[in-house]
Number of protein chains: 2
Amino acid sequence: MLDTPKSLRMHIGLFGRRNVGKSSLMNALLGFPMSIVSEVAGTTTDPVEKAIEMPPLGPVVLVDTAGVDDVGDLGALRSAKTREVLERVDIALVLSDETGLGPFERELIARLRARETPTLCVFNKSDLGGPSLDEARALVADAGEAVAVSVTTGRNLDGLRESLIRLAPEERILEPPLVADLVPAGGLVVLVVPIDLGAPKGRLIPPQVQAIRETLDADATCLVVKERELTGALDMSGQAPSLVICDSQIVLKAAADTPPDIPLTTFSILMARLKADLVRLAEGAAVLHRLRPGDRVLVAEACTHGLICDDIGRVKIPRWLRQFAGGDLRIDFSGGKHFPEDVSQYRLIIQCGACMVTRRHMLSWLYRAERQGVPMTNYGLAISVVQGVLERSLEPFPEALSAYEAARRKALAEAL
Amino acid sequence: MLDTPKSLRMHIGLFGRRNVGKSSLMNALLGFPMSIVSEVAGTTTDPVEKAIEMPPLGPVVLVDTAGVDDVGDLGALRSAKTREVLERVDIALVLSDETGLGPFERELIARLRARETPTLCVFNKSDLGGPSLDEARALVADAGEAVAVSVTTGRNLDGLRESLIRLAPEERILEPPLVADLVPAGGLVVLVVPIDLGAPKGRLIPPQVQAIRETLDADATCLVVKERELTGALDMSGQAPSLVICDSQIVLKAAADTPPDIPLTTFSILMARLKADLVRLAEGAAVLHRLRPGDRVLVAEACTHGLICDDIGRVKIPRWLRQFAGGDLRIDFSGGKHFPEDVSQYRLIIQCGACMVTRRHMLSWLYRAERQGVPMTNYGLAISVVQGVLERSLEPFPEALSAYEAARRKALAEAL
């Protein structure tokens, strides 16, 4: 995504008076992690634009309103340059500090609200005393949110990120590919689906359809088999698959039937990448290794229609988790789009594959959990851990595999 | 479908006084064509049930209310036997003659309407004078229809059939399989899709998904390739495909790339079978051979969303038809679910693949056209005729192939 043209990137405007901590916030944002791809040096009065990769929003352009910053008064708001920035940003970050809202911020917010630009009021230096968040919330109204952070101490930077993803326009939240980037042109992808197909008669579940479609779009071919037919299909094929993708429920058999030199992964791993953040969810999966009897776990099912997922979430996963933890666990369930506000009592959250919810939803839930210090993983990753095949199925994703292995070592050390 | 259990078959009740022509109607219905599968002889007073195959409704049970027929008065309506029949039929045919509605029919219709049983009032002997269809229509109201026929002369039996399909409960209109019956367990099905996939990003069109799903349900495997990759895929595979299914737009290339001993067909042929009647639509396709400059053709596109289908229907097919006919044609277009009432001016109707409409819709349009003496085919069949590969792609369907060949000979003879 590093070569995403600037015009396609989400533009985030940074507004704020001098000395409110704009540079520090910029550095904090850069640590999300985020890598500077290019820096367009402006003249001293032009806004500075930084095209960056800002997971999970993807490629964005940060527009640092240097002109406004240098003046920091109402006059600046009336300049053509500021108007131009106000007009083109997709989201505005209005930064202030413990002194709260002055005339500059009030007029700025009013203008942003009139333009219906999603606006996030960020009060920095919250360690030095709190401004009125409520007043800021009333001012931005439906158009935005207000958060208090301390860039110095790192307090609530997760909350800031969570608000950002909530405010980002849907069409600017770029979905990464499901499999397209893993498939060479001319390659062969094998999809292994369970004998007991979950979708209604005549259909397939959306990730299966998307995997087939992306394979074709990548000029590769796709062989769809049931678990029983995998060995025969691999024997029959004169071409070694570039990738075998299986349903997590049958990963144990698929991993056994697929020669070790053929890359194998699961739909759940692909969905973790597509809908949320594979590295974080892989780290979350490692927490299974320190689950102990009595621990509280939340199983979060995002859709309400699925009997199949329901059975996995309500019956199979609880059973496997208890076996794996070596005793009883306190397992709660949440359903639909009502992810609990307070999840701090849980040791781990296990989310469904999220076929039916947007990336925005999944990310805001992931950040909410992280803000409360609670790791998250998904059904399929948890199943692969329990069955001892997550390492194998993470191999196509070296960064996620390292993150999982490090987190696993840590979890096992803590469990001693 | 011949072994469909009786309980799953649609039950059609036949009611009528003596001498209104019930036996003749029964015979006429048998000629739809229809084959008697079993005959459950009742006692003289029990209703006679005939389990029959009645295309396009599929397997039905005709319940001939002998008891009512033998008495034909209001008393019969009060008997427990008649109540029992009234309670269990999915559709009621109330047969009368040129004498119109008497007290028997009026009370019968009132009872059927109270039960919300779809009811078709059939006035036989319409050649002898017409009863009040309007009165019958008012009586059945939303619950049914009224038609005038002459079983003796055959007048409007198509109209009767059209009404029947309209009244049949949706869940009783059994869809035949798309491909399941063509795929042996352990077999390999190759789907060839166009490079320029029609569905939005990340999706496939419904017939493609259904074909994959049915293949898996049949314990076979499915290889999905784009047209460019077909040769490579066939070379690569160590197993000869049981069937190659291609998009009609690329049938010429797919037919050339597929060895002649491998069965090949198109999605359009499968859709003709699934949504309508392949034999009739294949016969309709033969009419292309007698199209002459100046002929009127209707291109009927059932869905309104599809730019891809639109381009095929509005641009490509008209161009090909004109080339094939050797001159200009008068081509009209209809769209959405508004199939014209009067199609009698057309030499041929070319319907889209009907992905987005029900079998009930397609069949009622097909019958409407047939009733007006106008043949119908679909986009893909027409394309295959023009490209000279319909015979090849009909090979897996011997009955449809013979019907096409006979109709083609006839069309060519007429064209001389």
Those residues of the range B:186-202 that are part of a loop (DSSP other than H, G, I, E, B) and either at the interface with chain A (Cβ under 8 Å from one of its Cβ atoms) or hydrophobic (A, V, I, L, M, F, W, C) (or both) come to a total of 6
If we ask which residues in the range B:233-248 are open to solvent by 30 Å² or more (accessible area, probe 1.4 Å), in a helix (DSSP H, G or I) and either polar (S, T, N, Q) or closer than 17 Å to A:V224 by Cα (or both), their number turns out to be 2
Residues of the range B:114-142 being closer than 20 Å to B:H11 by Cβ and buried (at least 18 other Cβ atoms within 10 Å of the Cβ), in sequence order, are B:T117, B:P118, B:T119, B:L120, B:C121, B:V122, B:V140
- prompt: Taking A:V183, is it aliphatic (A, V, I, L, M), away from chain B (no Cβ under 11 Å) and at negative phi?
  reply: yes
Counting only residues in the range A:203-221 that are buried (at least 18 other Cβ atoms within 10 Å of the Cβ) and more than 13 Å from B:L204 (Cα to Cα), the one farthest from the other protein chains (Cβ to nearest Cβ) is identified as A:A218
Given the conditions (1) under 19 Å from the mean Cα position of the chain (by Cα); (2) within 14 Å of another protein chain (Cβ to nearest Cβ); (3) assigned to a helix (DSSP H, G or I), every one holds for B:P177 apart from (3)
I'd like to check something: does the range A:148-158 contain any residue that is touching a Cys at 6+ places or on another chain (Cβ under 7 Å) and either more than 14 Å from chain B (Cβ to nearest Cβ) or modelled with pLDDT under 85 (or both)? no
Check: On the given criteria, is B:E98 modelled with pLDDT under 85, in contact with a strand residue (DSSP E or B) (Cβ under 9 Å, 6 or more places away or on another chain), open to solvent by 10 Å² or more (accessible area, probe 1.4 Å) and over 15 Å from B:L14 (Cα atoms)?
Finding: yes
Picking from B:A240, B:A233, the residue that is modelled with pLDDT under 95, within 7 Å of chain A (Cβ to nearest Cβ) and over 15 Å from A:R203 (Cβ atoms) would be B:A233
If we take the range B:266-339, then helices (runs of 4 or more DSSP H) inside it with 2 or more residues that are modelled with pLDDT of 90 or more and open to solvent by less than 20 Å² (accessible area, probe 1.4 Å) are B:267-275, B:278-286, B:317-325
Expected single match for hydroxyl-bearing (S, T, Y), more than 30 Å from A:P259 (Cα to Cα) and either modelled with pLDDT of 95 or more or buried (at least 24 other Cβ atoms within 10 Å of the Cβ) (or both) among A:Y367, A:Y379 is A:Y367
Filtering the range B:356-381 down to residues that are touching a Phe, Trp or Tyr at 6+ places or on another chain (Cβ under 9 Å), under 22 Å from B:Q210 (Cβ atoms) and either among the aliphatic types (A, V, I, L, M) or in a loop (DSSP other than H, G, I, E, B) (or both) yields B:V357, B:L381
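The values are calculated or read from the model by the stated rules, or taken from the named source; none is laboratory data. Note that the coordinates shown come from a computational prediction; the quantities given were computed from them, not determined experimentally. Every residue, glycine as well, gets a Cβ built from its backbone with ideal geometry; the counts of neighbours run over all protein chains shown. Just so you know, the surface numbers come from the protein's heavy atoms only, side chains and all, with ligands and any DNA or RNA stripped out. Shrake-Rupley method; radii C 1.70, N 1.55, O 1.52, S 1.80 Å.
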